[in-house]
Amino acid sequence: MKYPIKVFFAVLFIAFLVGVYLKAIHPAKEAQKPSPNMPWMKTFLGWTESGIVLAAVNLLFIVFVVIQMRYLFGGTANITETGYTYAEYARKGFGELVAVAVLSIGLYMLLTTITRTDTRFSKIGLTALSVLLMANLMVILASSLQRIMLYEQAYGFSRLRTYTHVFIYWLAALIVTVVVLELLRRRGHIALALVITAIGFGASLAILNVDGFIVNRNVQRAAAGEELDLYYLNTLSTDAVPRLLNYYNDPSLPREAVHKLGAALACREKTTDDPGKLPWQSFNLSQARAYRLLQENADQWSQYDPYLVYNEWVIAMDGEEIPCSTYDYMD
């Protein structure tokens, strides 16, 4: 059995060497760079057929928006009258947005790829209907943004709500880019726009410092008289520690908010491990900075006293035991 295996690898190695020698002796001609605006497949669908499809979809969108205007932009009325919760209303709106965006952009890319536009009228017509389709998509996007903002105003920010909020803005940027490229007759650059949008979305979350942003927005709500959720503060990562410390020392905040921030910092002091005692694979700058800040300022929240219950740190707040754990949940 070992001989066939040896022969196989020998043949594979010889084939590789032959390929290298042939490439050196007969170099391939330099390939011409393809134009992104040249169609990659032969168009076969007439403008009339594509126009009918786009016009029908646009008409469906417009009728839906007109009939369902109260549902799309009813705001608090949909919460109080229809029985939706804030979470259900926001999730339903975001689900609708994603479905409509995928179908609309997919339909646009498909039809503009396979449709013949030999005349000036057909080019203008296809562009006009495509732009109208993107405009209808923006209406659904505005409805989804209004719902998530309503949810955030009622309960504050969380990771999932922040991701959704940022995603909606990047989707809006993508739709505007598609419209601009369509008007400039640069449809071949849409794939690049999709890639840039995906990279931009991921990069913006890294630059934003999501957990620090959540602390900012939720403490600002608390300053305006809303409740600060200590339980959710305890689920945030060490990225939140510098912002927690800054706000804890802010004399303009309500006493109750400062009280909860102190409890959150006391909890974080107990649950943040010394990075010097961890394996090097577990080291990260955020934890090292948080640990240093917590140790240097521990005296500031010494009046708070987390304690162990079944090997888990908890802290008493207003007669309730709140876990100091960093377990997260989706919302």
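What number, rounded to the nearest 500 deg cm²/dmol, is the helix-based mean residue ellipticity at 222 nm of the chain, given -39500 (n - 2.57) per DSSP H run of at least four residues and division by all its residues? Each step should come with its number before you reach the end.
Numbers: 13 runs with 221 residues, N = 331.
Computed mean residue ellipticity for the chain: -22500 deg cm²/dmol.
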- First select every other residue whose beta carbon is under 11 angstrom from the beta carbon of residue 260; then total the charges, Lys and Arg +1, Asp and Glu -1. -3
- In degrees, nearest 10, range 0 to 90: what is the angle between the Cα axis of helix 190-208 and the longest Cα principal axis of the chain? 10
- Task: Could you work out how far helix 159-183 tilts from the main Cα principal axis of the chain, as a 0 to 90 degree angle to the nearest 10?
- Result: 30
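How fast does segment 149-224 diffuse by Stokes-Einstein, in µm²/s, taking the Kirkwood radius from C-alpha pairs at 25 °C and 0.890 mPa s?
Details: Rh = 14.0 Å.
D = 175 µm²/s.
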- Query: With axes computed from alpha carbons, what is the tilt in degrees of helix 255-271 against the longest principal axis of the chain, rounded to the nearest 10 within 0 to 90?
  - Reply: 80
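With a 1.4 Å probe and every protein chain left in place, work out the accessible area per residue of the chain in Å², rounded to a whole number.
Details: 19610 Å² over 331 residues.
So the chain comes to 59 Å² accessible per residue, rounded to a whole number.
Take the alpha carbon atoms of segment 131-264, find their radius of gyration, then divide it by 2.2 N^0.38 Å using N residues; give the quotient.
Numbers: Rg = 18.6 Å, N = 134, 2.2 N^0.38 = 14.1 Å.
The value comes to 1.32.
What is the dipole size for the chain, taken about its Cα centre, with +1 at each Lys and Arg Cβ and -1 at each Asp and Glu Cβ, in debye to the nearest 20?
On the way: 28 positive and 27 negative charges, 482 e Å.
Around 2320 debye, computed over the chain.
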- Item | Projected area averaged over orientations for the chain, convex hull of C-alpha atoms, nm² | 30.1
- Identify which of 19, 125, 93 has the largest mean-square fluctuation in a Gaussian network model of the chain, with springs joining Cα atoms closer than 10 Å. 19
- Tell me the Kirkwood hydrodynamic radius of segment 194-300 in angstroms, computed as one over the mean inverse distance between distinct C-alpha pairs. 14.9
- Message: Using 0.36 nm times the number of residues separating residue 325 and residue 18, minus their current alpha carbon distance, what extension gain do you get?
- Response: 104.4 nm
- Item | Signed unit charges on C-beta, dipole axis of segment 179-326, positive-most listed residue 194, 183, 293 | 183
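Label segment 68-210 by shape, choosing from rounded, prolate and oblate, from the square roots a ≥ b ≥ c of the eigenvalues of the Cα gyration tensor; if a/c is under 1.5 it is rounded, and otherwise prolate applies when a/b is larger than b/c, oblate when it is not.
Numbers: a/c = 3.31, a/b = 1.63, b/c = 2.04.
Because a/c hits 1.5 or more and a/b fails to exceed b/c, segment 68-210 counts as oblate.
What dipole magnitude, in Debye to the nearest 20, does segment 207-331 give about its Cα centre under +1 on Lys/Arg Cβ and -1 on Asp/Glu Cβ?
440
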- Item | Burial ranking of peptide ranges 193-203, 278-288 (average Cβ count within 10 Å, highest at the top) | 193-203, 278-288
- Task: Within segment 182-225, which residues have the backbone N less than 12 Å from the label spot 7 Å out from residue 256 along Cα→beta-carbon, could you tell me?
- Result: 222-225
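Please give the FRET efficiency for residue 96 paired with residue 205, using the beta carbon to beta carbon distance and R0 = 22 Å, rounded to the nearest 0.05. Walk me through the numbers before you get to the answer.
Values: r = 23 Å, r/R0 = 1.05.
It comes out at approximately 0.45.
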- Note on the structure: Expected unfolding gain across residue 224-residue 56 under the 0.36 nm per residue rule, minus the alpha-carbon gap, is 55.7 nm
- Message: Within segment 213-281, what whole-number % of the accessible surface is contributed by carbon and sulfur, with the 1.4 Å probe and all protein chains included in the calculation?
- Response: 46
- Query: Going toward the positive end of the dipole of the chain, with +1 on Lys and Arg Cβ and -1 on Asp and Glu Cβ, which of 115, 282, 249 do you reach last?
  - Reply: 115
- Query: If the label point is 7 Å along Cα→Cβ of residue 249, which residues in segment 262-282 have backbone nitrogen under 16 Å from it?
  - Reply: 262, 265-266
- Query: Taking Cα centroids, how far is segment 80-134 from segment 172-240 in Å?
  - Reply: 22
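The values are calculated or read from the model by the stated rules, or taken from the named source; none is laboratory data. All figures in this text were calculated on a predicted structure; none of them were measured in a lab. Don't worry about glycine lacking a Cβ; one is built from the backbone with ideal geometry, like all the others, and counts go over all protein chains shown. When the accessible area is computed, the model is the full protein with side chains, heavy atoms only, and any ligands, DNA or RNA have been set aside. Shrake-Rupley method; radii C 1.70, N 1.55, O 1.52, S 1.80 Å.
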